[in-house]
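Remarks on the structure that follows.
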Amino acid sequence: MSALYTILLLIGSNVFMTLAWYGHLKLQNNNVTSNWPLIGVILLSWGVALFEYMLQVPANRIGFIENGGPFTLMQLKVIQEVISLSVFTIMAMFMFGNMTLQWNHVAAFICLILAVYFIFMK
């Protein structure tokens with residue numbers, strides 16, 4: 001179960017991360033934050049990122065092999081990166097409707113799947 005909890009927490013964490021890193025661009029496009037000073041946008045993003053860390057830290061603690069979890073540090077990192085790019089792609093397609101998935105994106109995801117395969121090889 002710790003593997004499942006780790007992955008679910010990482011997915012949630014990456015939703016907040018994507019909102020913190022790129023959500024302000026959508027808000028700017030919608031003229032919500034277009035007149036805000038940069039420090040205001042930074043503080044907004046930090047506020048959102050707090051929730052990212054509230055999920056990321058427990059995910060790593062639960063999933064880490066030295067804490068009784070199933071994943072090594074390298075495995076946790078690769079899983080995190082795959083989840084990060086997957087969540088980003090899905091959210092960007094919905095948030096910025098003009099994005100389309102192209103062949104090179106699919107090729108990159110195949111490379112990510114291979115990275116996961118290789119990191120879990122014995």
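Can you pull out every residue in region 59-77 that is buried (at least 18 other Cβ atoms within 10 Å of the Cβ), in contact with a Leu (Cβ under 9 Å, 6 or more places away or on another chain) and either in a helix (DSSP H, G or I) or aromatic (Phe, Trp, Tyr) (or both)?
Listed by number, the residues that qualify are Ala59, Asn60, Ile62, Gly63, Phe64, Leu76.
Find the residue count for region 4-25, including only residues that are over 14 Å from Asn60 (Cβ atoms) and of a type in the set (A, V, I, L, M, F, W, C). If you could, list the steps in order and put the result at the bottom.
Within region 4-25, the first condition is being over 14 Å from Asn60 (Cβ atoms), and the residues that meet it are 4, 15-16, 18-25.
If we keep only those that are of a type in the set (A, V, I, L, M, F, W, C) too, we end up with 4, 15-16, 19-21, 25.
Count: 7.
Filter region 78-97 down to residues that are among the small types (Gly, Ala, Ser) and within 20 Å of Thr6 (Cα to Cα) and give me whichever is surrounded by the most Cβ atoms within 10 Å (Cβ to Cβ). Give the steps one after another, and end with the answer.
Taking region 78-97 and keeping what is among the small types (Gly, Ala, Ser), we get 84, 86, 92, 97.
Checking the rest, the ones that are also within 20 Å of Thr6 (Cα to Cα) come to 84, 86.
Working: Ser84: 17, Ser86: 14.
Of everything passing the filter in region 78-97, Ser84 is surrounded by the most Cβ atoms within 10 Å (Cβ to Cβ).
List pairs: first in region 73-88 and more than 20 Å from Gly23 (Cα to Cα) and of a type in the set (S, T, N, Q), second assigned to a helix (DSSP H, G or I) and at pLDDT below 95, Cβ under 9 Å, 6+ apart or cross-chain?
Pairs found: Gln75/Val116; Gln75/Ile119; Gln75/Phe120.
Check Phe51, Phe88 and return the single one that is within 21 Å of Leu27 (Cβ to Cβ), part of a helix (DSSP H, G or I) and modelled with pLDDT under 95.
The unique qualifying residue is Phe88.
Go over the candidates Asn98, Asn35 one by one and state the one that is outside any helix (DSSP H, G or I) and modelled with pLDDT under 90. Step through it out loud before you land on a result.
Values: Asn35 fails: modelled with pLDDT under 90.
That would be Asn98, the only listed residue that is outside any helix (DSSP H, G or I) and modelled with pLDDT under 90.
Test each condition in (1) loosely packed, with under 12 Cβ neighbours inside 10 Å; (2) among the hydroxyl-bearing types (Ser, Thr, Tyr); (3) closer than 20 Å to Leu8 by Cα for Thr100 and report the one that comes out false.
If we test Thr100 against (1) loosely packed, with under 12 Cβ neighbours inside 10 Å; (2) among the hydroxyl-bearing types (Ser, Thr, Tyr); (3) closer than 20 Å to Leu8 by Cα, just (3) comes out false.
The values are calculated or read from the model by the stated rules, or taken from the named source; none is laboratory data. Since this is a predicted model, take the numbers as computed values, not measurements. Cβ sites come from the backbone with ideal geometry, for glycine too, and all protein chains shown count toward neighbours.
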